[in-house]
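Nothing in this text is a laboratory measurement; each read-out follows from the coordinates by a stated rule. Please read these numbers as outputs of a predicted model, since none were measured by experiment. Cβ placement follows ideal geometry from the backbone for every residue including glycine, while neighbour counts extend to all protein chains displayed.
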Amino acid sequence: MVKSVVIVESPTKVKTISKILGSKFKVLSSMGHLVDLPKARLGVDIDNNFAPDFIVVRSKMKLMSKLKAETKTAKDIFVATDPDREGEAIGWNLVQHIGKNKKIYRVSFQEITKDAILEAFKTPRDFDENKINAQVARRILDRIVGYQISPLLWKKVGSRLSAGRVQSVALRILVEREREIKAFNPQEYWQIAVDLKKSGYDDILTASLEKSDGAKIEMVDAAQAQSIAGDLREAEFVVSKVTSRSVKRNPSAPFITSTLQQEAFNQLRFNAARTMRVAQELYEGIELGGGEVFGLITYMRTDSVNISQQALIKLREFIDKTYGADYCPAEPNQYKSRKSAQEAHEAIRPTDILLKPKDIAKYLDEDQYKLYSLIFARFVCSQMTPAVYEQKKIEIEAGKYGLGASGSTLVFDGFLTVDREAREEETRIDFSHYEKDDRLTLLEVKPTQHFTKPPPRFSDASLVKILEEYGIGRPSTYASIIQTLVLRNYVLRDRGYFTPTELGITVCDLLVQHFGREMDVGFTAKMEENLDEVESGAVLYPKLLGEFYAPFQEELKRADAGIVKTENFLDKKCPLCERPLVEKWGRRGKFLSCSGFPACRHAEALTSGVKCLNPGCAGELIRRRSKWGQYFYGCSRYPECTFISNDLPAKKAEDEASSPRA
């Protein structure tokens, strides 16, 4: 019997979907992109409305031949690639090669569960041409920028370097933050706290100085602080007001891609790439015993906070049954997506609210369990009642000075009964015995010196947040932007925080100097909006590309004429030909090369100048990078000497104040 063929991207999905659809369907994997622009050339016909020359990727030719053979006798092909722009384009490009004389159906689903998949196959649709055009436009834009700017980097900086349309702007954000940190000048300021006591009671009330003569007070040096401290030691302290109010704390919306990446870093210390890898595993399916493979979460590349009506009903029933009616609001909580969000998508949520993390823990590895627990808790909390705090404050007068002591007490935990990580530390103060006009005894005046701190370096979480706020990139690109910057050696990731390398700063400055428009945050964000308009059908992509390309060509011409390569010759001879050695940049950083290249191809690593600590070894330490992207120092005589160190032994640890974190 001739079977209908289903094409998915990931081989992991094949097993899951095959079991759901049964023997009438043959499920095959494309293993991601099979068709793309050629690597060796631009692959875009600029003069012919930017027509792309998509070809079968050389490394995927055998797979394409296999798919052609597998689908040869099939009359129907169902394309079930991912439900975003990229998935739409992957499927469309593929069927141009295997879909001749066959009926082609596009199916998409937000979750890999039996109900969702069977429903999708009941209601197949046509390919979304606008979605495909938006993805093609993005691919062409990235190719034009990358392939036409990168050769200028080779000319000025070093070979095998590359520029990217979006990641170069992200690099600029990191470089500018680093310069803010370096240029920061700490400013001194002082604060004063006092310990007070009411007669007849044992508790101590600590209040902070807030005002002088009714205005906010700022203390900038020790002399001013000590003068005020002297005044307070002579003052009489009287309670002027005691207030109490109820404050609600609302739960957050269910996760979208960016907020998942942020929270996974903040709570689990997962970088963006790790978060998306684990989320992909949860989405594609986990075997839950008895051979059953089940997709645990909905599609993880999304910018919409919407959830389906069916999922909402089940969630509210779960909250009411598990936690009680007080924890389930009378009406569902409503959340608004960003203006650019694709509303057809759902937020990231568990596919079955009854699959509690602890109940399926034995089927998950450690990372999967942690991330699933995070997604589960956030989804449940999103439809629970607010937490309620009683916020209290005592205002105290001391002559012309005003002081305050405040605290809060959790009255009703609401969603915090689930999300205990979100609980703020409570400052419990018993205000019951403090009344207006109470006179308090001064126990101690405590002036303390502080200094303003520089802005923090970006982490995975804060970089994703700023990219989203600026409108740079989209859910599917955040992790790859960061990963590309790290792999290209443009930034170092140190315990999750990014520091631009010398190479990254050099590349950034060159791009800003010659391609100010493309490196502008506002321009890049506007281009993302334009791509959204292509998807909506409001703009034709050749028009968009044409408007971009004309001024870009002028910039390229000016840059090509203005860029002059400078070389740093060293007082060191090539061991092969006696020519001077010269510093060069490569993808892994600086290295030494013979100035006679390409006639002489001698190259060697640039050492740190620190001798290897292995007894009897004459080598020097070289900074190297592991296959996981982590840096370490190894001996220049490797493999004869295998000494390694995470840091230069001669280098002292950097002071925390000069290496801020966020």
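Farthest toward the positive end of the dipole of the chain, out of 247, 81, 478, is the Cα of 81, where the dipole comes from beta carbon charges about the Cα centre.
Charge dipole of the range 257-382 (Cα centre as origin; +1 on each Lys and Arg Cβ, -1 on each Asp and Glu Cβ, all else neutral): 380 debye, rounded to the nearest 20.
Computed from the alpha carbon atoms alone, the convex hull of the range 4-127 holds 109 Å³ per residue. Across the range 527-644, Cα pairs under 8 Å and at least six residues apart give a relative contact order of 11 percent. Simple spin-label estimate for residue 19 and residue 240 gives 7.0 nm between the two label positions (7 Å along the Cα-to-Cβ direction from each Cα). Here the extension length gained between residue 597 and residue 313 equals 95.3 nm, from 0.36 nm per residue of separation less the Cα-Cα distance. In this structure the amide hydrogen of residue 189, modeled in the peptide plane, comes within under 5 Å of the amide hydrogens of 450, 451, 452, none closer than 5 places in sequence on its chain.
Is it possible to state the helix-based mean residue ellipticity at 222 nm for the chain, with each DSSP H run of 4+ residues giving -39500 (n - 2.57), the sum divided by total residues, to the nearest 500 deg cm²/dmol? What is it?
That comes out to -11500 deg cm²/dmol.
Straight-distance candidates among the lysines for linking to residue 526, with alpha-carbon spacing under 16 Å and chain neighbours fewer than 8 residues away dropped: 339, 543. For a modelled paramagnetic label at residue 568, 7 Å from Cα along Cα-to-Cβ, the residues of the range 473-502 in reach, with backbone nitrogen under 18 Å, are 489-492, 500-502.
Beyond 18 Å, what share of the Cα-Cα pairs of the range 356-501 remains, rounded to the nearest whole percent? It works out to 77 percent of all Cα pairs.
Extension gain for residue 647-residue 363 works out to 98.4 nm (0.36 nm per residue, less the C-alpha to C-alpha distance). Take every Cα pair under 8 Å whose residues are at least 6 apart in sequence, average their separation, divide by the length of the chain, and the relative contact order is 15 percent. Positive-end ranking of 566, 577, 556 along the dipole of the range 530-584, with charges on Cβ about the Cα centre, is headed by 577.
When peptides 545-552, 242-249 are sorted by average Cβ neighbour count within 10 Å, with the highest value leading, the order is 545-552, 242-249. Straight Cα distances below 14 angstrom link residue 611 to the aspartates and glutamates 620, 647, with same-chain residues fewer than 8 positions distant left out.
Name the GluC sites (Glu not before Pro) in the range 195-243 that are in a loop by DSSP and that have at most 13 other C-beta atoms within 10 Å, would you? Provide the component values of the computation, followed by the final result.
Values: sites: 210, 218, 234, 236; in loops: 218, 236.
Counting only loop positions with at most 13 other Cβ atoms within 10 Å, the GluC sites (Glu not before Pro) in the range 195-243 are 218, 236.
When the Cα centres of the range 553-579 and the range 182-206 are compared, how far apart do they sit, in Å? Spelled out, the Cα-based centre of one part sits 58 Å from the other. Here, the chain is characterised by an Rg to Rh ratio of 1.04, where Rg is the alpha-carbon radius of gyration and Rh the Kirkwood radius. Between the residues 347, 285, 368, the greatest Cα displacement towards the positive end of the dipole of the range 257-382, with unit charges on the Cβ of Lys, Arg, Asp and Glu, is found for 347. Note: relative contact order over the range 4-127, using C-alpha pairs below 8 Å and six or more positions apart, is 25 percent.
Which peptide among 67-73, 479-485 comes first, and what is the full order, when sorted by highest mean count of other Cβ atoms within 10 Å?
Most protected by this proxy first, the peptides run 479-485, 67-73.
Estimated at 0.36 nm per residue, the fully extended path between residue 218 and residue 338 surpasses their Cα-Cα distance by 39.3 nm. Placing pseudo-labels 7 Å out from each Cα toward the beta carbon at residue 480 and residue 287 gives an inter-label distance of 3.1 nm. Residue exposure proxy: 345, 97, 450, ordered by other Cβ atoms within 10 angstrom of their Cβ from fewest to most, comes out as 450, 97, 345. Once phi is turned into θ = phi - 60°, what whole-Hz ³J(HN,Hα) does the Karplus curve with 6.51, -1.76 and 1.60 give for every residue of the range 164-174, x standing for Gly and Pro? Those phi angles translate into x, 4, 9, 5, 5, 5, 4, 4, 4, 4, 5 Hz.
May I ask you to list the lysines whose Cα is less than 22 Å away from that of residue 358, ignoring any residue fewer than eight positions away on the same chain? Result set, ordered by chain and number: 314, 321, 370. Could you tell me which of the pairs 60/114; 211/400; 211/241; 26/75; 13/102; 131/465 are separated by over 19 angstrom between their Cα atoms in the structure shown? Pairs exceeding the cut-off: 60/114; 13/102; 131/465.
So, with +1 on the Cβ of K and R and -1 on the Cβ of D and E, and no other charges, what is the size of the charge dipole of the chain about its Cα centre, to the nearest 20 debye?
3400 debye
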